[in-house]
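The values are calculated or read from the model by the stated rules, or taken from the named source; none is laboratory data. Owing to the predicted nature of the structure, the values given are computational and were not obtained by experimental measurement. When we count neighbours, we look across all protein chains shown, and the Cβ atoms used for this are built from the backbone with ideal geometry, even at glycine.
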Amino acid sequence: MDLKFDREHIWHPYTSMNNPLKVYPVKSADGVRIKLDDGRELIDGMSSWWATVHGYNHPKLNEAVNNQLNDMSHIMFGGFTHKPAIDLAKKLIDITPSDLQKIFYCDSGSVAVEVAMKMALQYCFSIGETKRKKFVTVRSGYHGDTFHAMSVCDPVTGMHEIFTGILPEYIFVDAPQIAYSEQWDYADFKQMFETIKANKDEIAAVIIEPIVQGAGGMRFYHPNYLKELRKTCDEFGIILILDEIATGFGRTGEFFACMHANVQPDIMCIGKALTGGYMSFAACLANEKISQGISDGKPGNFMHGPTFMGNPLACSVANASLDLLMSYDWRKSVKNIESIMTQELISAKEFENVDSVRILGAIGVIQMKSEVDMAKIQNDFVEHGIWVRPFGKLVYIMPAFIINDADLRELCRSLLTVVQMN
C-alpha cells in the first residue's frame, strides 16, 4: 500500500496533517481478527468504534448485501419506498420502547442527533411554544461531531472547546455522579431538577446518553437518574431525547440502555450497530405526540431529507443484523463477556498509573491517572497483537458479541500488559 500517499493526502479522524498519528494498513478482517498488510493479526477490541457486534465478514450479513445489490443499491426515499425499509421499521417498532412508533431514517449517528434536535424545535414551534429554543444536557456527554450535535457535547472537557462562541449556547448541568451499581440518592438529580424548573419556559428538550456516557468519559450512571429525568420532563412539558447510538442493540446488557430504567423517551437516536457495522446508517424514532405536533402545525412537513435516507443496502443489512441478534441468546453472550472482563481487568485497580476500572455489559474501561501517549500506546497494543484505540485517560474495549473466551482473555491480558508499560 502507498502509505506515503496516505500520509500526505488523507486526513484521518482526530489527527493532524502535519504530524499525523500512525495508521496500520489492513488487508482483511474476519470474525474478531484484523489482518494487517504485513501478515500480522490483531484481536479487535473496538468493534470498529462499537459497531461490528457480529464481527467482520459475517456470511449472513454478506448475503444480505449481495442479494440486495441484485435488485438495487439505492433509490431516493422521496416519493418511493421499498420492502427493506418497511421490514426494518417493523422490526425496530417491535424492539424499541413501545411509545416510539414513528421512524425517520438518516445517514449516521451524528445526523440522527441533528434530526432529533430539529424535531424537538419544530415540535415546539408547531404547537405555538416558540420561546422553547434551549436544550439541557449533562457534562461529560458526547453526541457527535456535526455542528448542532457539538453544541450538546461537553463544552470544556469535550473535543469541541475551540468552537465556543460560535456554537449555540445551551444549558449544562453536572454529570450524574452515582455509579450504576451504587446506592441511589436523589441529591444526584437535584441540580438537573432545579435547572429545568428555573428554565422551564425556554427548554425545548433534554438530551442525554442513557446509563453510559460514551466518548465524553465512558461513565456508567444510576438508572434512577433517568427515571427522575423522565418524571421531571413530564412535569414541565419538556421533550426527552435519548441518544442510544453507542448503547443500543445489547451493548450494555439490555437491548437499549433506557430499558435499565424502564424509561420511554419522546425521541430516540440509534446508529452504529444498527447495520452490524457494515455501513453508515441511523434512525431517529419519535412518539405520537412529536409526530402529530409537527404534522398538525405549520408548515406541517418535517423539513429534513438526506439524499441516502432509507438506503436499501443499509436497510437490508440492518434487517439481517437484527435477525442475527435475535437468533441466539445475545444476553448470555454479553453477560459472559462482562464476567470475563471483570475477572481479567479488575487487577488493574492496583496499578500505580490506573485511577479506576469499570465494566458494564460488553464495555470494559480502565481510566488512567494521566492522559496516554496515543502514538506510543497504540503501537504497543499492535506489537502485543490487539487493536485498542484509547482517548485521553481512557483505555477501553468493546469487543464483538461473538468473541470466544480464549480471544477475550488474550485481549484483556495483553491490554493489562500494555497499560502497565504506559
Exercise. What about G253, is it within 18 Å of the chain's Cα centre (by Cα) and either buried (at least 19 other Cβ atoms within 10 Å of the Cβ) or more than 25 Å from Y396 (Cβ to Cβ) (or both)?
Worked result: yes
For this session: Say whether the condition of being among the hydrophobic types (A, V, I, L, M, F, W, C), farther than 30 Å from I340 by Cα, modelled with pLDDT of 95 or more and assigned to a loop (DSSP other than H, G, I, E, B) is met by at least one residue in segment 56-75.
Result: yes
For this session: Say whether the condition of being among the basic types (K, R) and not in a loop (DSSP other than H, G, I, E, B) is met by at least one residue in segment 185-192.
Result: yes
Problem set entry | Candidate set: segment 319-369, residues that are of a type in the set (K, R) and exposed (fewer than 15 other Cβ atoms within 10 Å of the Cβ); chosen: the one farthest from K91 (Cα to Cα) | K369
Exercise. From the list A29, A51, A85, which one is more than 17 Å from G277 (Cα to Cα), of a type outside the set (F, W, Y), at pLDDT 95 or above and within 23 Å of the chain's Cα centre (by Cα)?
Worked result: A85
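This table checks each residue for (1) out of contact with any Phe, Trp or Tyr (no Cβ under 8 Å at 6 or more places or on another chain); (2) without any contact (Cβ under 8 Å) to a residue 40 or more places away in the chain; (3) surrounded by 12 or more Cβ atoms within 10 Å (Cβ to Cβ).
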site: V156; (1), (2), (3): yes, yes, no
site: F163; (1), (2), (3): yes, yes, yes
site: A175; (1), (2), (3): no, no, yes
site: Y180; (1), (2), (3): no, no, yes
site: D185; (1), (2), (3): yes, yes, yes
site: F189; (1), (2), (3): no, no, yes
site: K200; (1), (2), (3): no, yes, yes
site: P210; (1), (2), (3): no, no, yes
Exercise. Going by the structure shown, is D234 modelled with pLDDT of 95 or more, over 15 Å from Y170 (Cβ atoms) and not small (G, A, S)?
Worked result: yes
Problem set entry | Total residues in segment 6-23, condition aliphatic (A, V, I, L, M) and touching a residue at least 40 places away in the same chain (Cβ under 8 Å) | 1
For this session: Please enumerate the residues belonging to segment 35-55 that are in a loop (DSSP other than H, G, I, E, B) and surrounded by 15 or more Cβ atoms within 10 Å (Cβ to Cβ).
Result: G45, M46, A51, T52, V53, H54, G55
